[in-house]
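Encoded as structure tokens, the structure appears first; notes follow it.
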Amino acid sequence: MRTTSIGADDMDRVRRIEIYRLRLPLREALHHSRVNTAYLDQLFAVLETEEGVTGYGEVRGNGAYATGADTGELIHGLSRCASQLSGCPLHELSRRVMELTALPAAAALVEGAALDAAARAAGVPVWRWLGLAETRPLSTHAHIGFAAPDHAARLARRAAAHGVHRFKVRVGSPDLADDVARVGAVRDAIGETAEIAVDANGAWSAAQAEEAMRALASFRLLWVEQPTPAGDDEALRRVRRASPVPVVLDETARSVADVERIAREQLADGINIKLEKFGTAADVLRAADLARDAGLLVEVGQMDQGRLGCALTAHLAAAARAEYCELWGFQNVAEDAASGLDLVAGCIHLTGAPGLGVQVRLRGAERVMTLC
């Protein structure tokens, strides 16, 4: 496995980076305790190297509850990079953007484009560029947001028809009874052998989390994700001691230092690692190794993106040897800017195609800026 973000070939350098903005409409509203939206507000990076190779990156702007920056803040941060990235080696690009912006999601945007371009230049897929000799099918769970029980059941059956056998159900509704009804409906719809995790996105207090876990435990949950808000480690300790199911942290785990603290203080049983929170592929892979060495479950996920963002997450999940993958987001996009990634029998099957292996067409996108 590589220890730098995308290798150390200084021959691959940036000539030009353009930033575009495009809203991707959703089939079902993305609705949970921290967001309710009918579209993904996406930023795209189009990077050209000095050798004429093009790479693409994508991040979501309307997910600040996890990434720490909305679309406007990302654009403002990236504007500080203008005229400072020309000639930058691709393997240094995300670190330089992180230094200039202090925004992991901005660094993640250019990291995706740099990885795509570097691997395309080498004629290999990103997973191989990151050090893997071979890859495997990556099974994903499907997301079920805030929905009435009958609709949640229909969504679960629809995903099961695509071969999905693991489901992440959003909880943290104002009324716990709604959560119980939703999870129960999904369990009834998919049967006893499928797996269910729940994700509160930090909606509960410690006392509410304890009550909810007692109410939901009979549904044989795989884990509960981010039961209490990030920043309150004492609440997490209390919940983990009382919870009858494993605790996985997402919003609390935003950096390698966070993963080290979570492991050291035994705050959770697992972590959800996302490039948009960590900023660089190197830190994603390092966090996965640290978590695994500490005996933590490793989930690699993404912020409900289109095929381009999901493809990058899939390559990173493969390189990180993640136990669980969160690659469902593009399935809910009604009109995507990318093609070439599909779900087959509940899995993403990465190929040997160069780069990220997807094709991108930014029709109707707004060109926001030229960084260099």
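The values are calculated or read from the model by the stated rules, or taken from the named source; none is laboratory data. As the structure is a prediction and not an experimental result, all values here were calculated from the model. Here Cβ is always computed from backbone atoms with ideal geometry, including for glycine, and neighbour counts include all displayed protein chains.
Below, the figures for the structure above:
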item: Residue under evaluation residue 204, criteria (1) more than 22 Å from residue 328 (Cβ to Cβ); (2) touching a His at 6+ places or on another chain (Cβ under 8 Å), criterion not met; result: (2)
item: Residue that is β-branched (Val, Ile, Thr), modelled with pLDDT under 95 and more than 27 Å from residue 202 (Cα to Cα), where the choices are 49, 4; result: 4
item: Single residue of 133, 161, 148 found to be at negative phi and in contact with a helix residue (DSSP H, G or I) (Cβ under 9 Å, 6 or more places away or on another chain); result: 148
item: Selection from region 38-74 of residues that are touching an Asp or Glu at 6+ places or on another chain (Cβ under 6 Å), surrounded by 20 or more Cβ atoms within 10 Å (Cβ to Cβ) and of a type in the set (A, V, I, L, M, F, W, C); result: 44, 46, 59, 66
item: Scope region 357-370; condition more than 19 Å from residue 19 (Cβ to Cβ) and surrounded by fewer than 21 Cβ atoms within 10 Å (Cβ to Cβ); matching residues; result: 359
item: Residue within region 342-350 that is hydrophobic (A, V, I, L, M, F, W, C), closer than 21 Å to residue 281 by Cβ and in contact with a Phe, Trp or Tyr (Cβ under 6 Å, 6 or more places away or on another chain) present; result: yes
item: Residues satisfying the stated conditions in region 222-244, i.e. at pLDDT below 95 and β-branched (Val, Ile, Thr); result: none
item: Matching residues in region 214-236 - criterion: being buried (at least 16 other Cβ atoms within 10 Å of the Cβ) and either of a type in the set (D, E, K, R) or under 13 Å from residue 269 (Cβ atoms) (or both); result: 221, 222, 223, 224, 225, 226, 227, 236
item: Selection from region 82-105 of residues that are more than 15 Å from residue 284 (Cα to Cα) and in contact with a strand residue (DSSP E or B) (Cβ under 8 Å, 6 or more places away or on another chain); result: 82, 85, 86, 87, 88, 89, 90, 93
item: Test: residue in region 98-106 that is over 23 Å from residue 299 (Cα atoms) and touching a Cys at 6+ places or on another chain (Cβ under 8 Å); result: yes
